[in-house]
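See structure below.
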Amino acid sequence: MLEGLKIWQNRFNFKVEMIDIDHDPVLTDRFSARIPLLAAGDTEICQYHLDEQALSNYFEGET
């Protein structure tokens, strides 16, 4: 997923922050079955693999 995001980063100029949920029991309980997960704040964009259509929808404001 990270590799696929590089093209999108160049186009939309955003930063990716990786969060290791293993150090936070609340995050582990909430997200462990859906990792990797791509989110922007509280908006979940896609999980398991980069869904370019979902990412495009996010940037177009169609979330």
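Coordinate-derived values only; no laboratory data. The structure presented is a predicted model; accordingly, all values stated were derived computationally and were not measured. Methodologically, a virtual Cβ is constructed for each residue, glycine included, from the backbone with ideal geometry; neighbour enumeration extends over all protein chains shown.
Between Leu37, Asn57, Gly4, the Cα set farthest toward the positive side of the dipole of the chain (charges on each charged residue's Cβ, about the Cα centre) is that of Gly4.
Per-residue extension of 0.36 nm, minus the Cα-Cα distance of Ile21 and Glu60, leaves a gain of 11.2 nm for this segment. Building the convex hull from the alpha-carbon atoms of the chain and averaging its projection over directions returns 4.4 nm². Among the trypsin sites (Lys or Arg not before Pro) within the chain, those in coil by DSSP and having at most 15 neighbouring Cβ atoms inside 10 Å are Lys15.
Rounded to the nearest 20 debye, the dipole magnitude of the range 2-59 is 260 debye, with +1 charges on Lys and Arg beta carbons, -1 on Asp and Glu beta carbons, and the Cα centre as origin. Other residues within the sphere of radius under 13 Å centred on the Cβ of Gln53, judged by their own Cβ, net out at -4 (K and R +1, D and E -1).
Averaging the sequence gap over all C-alpha pairs within less than 8 Å and six or more residues apart, then dividing by the number of residues, gives the chain a relative contact order of 22 percent. Counting only GluC sites (Glu not before Pro) that DSSP places in a loop and that have at most 13 other Cβ atoms within 10 Å, the longest clean stretch of the chain runs over 18-59.
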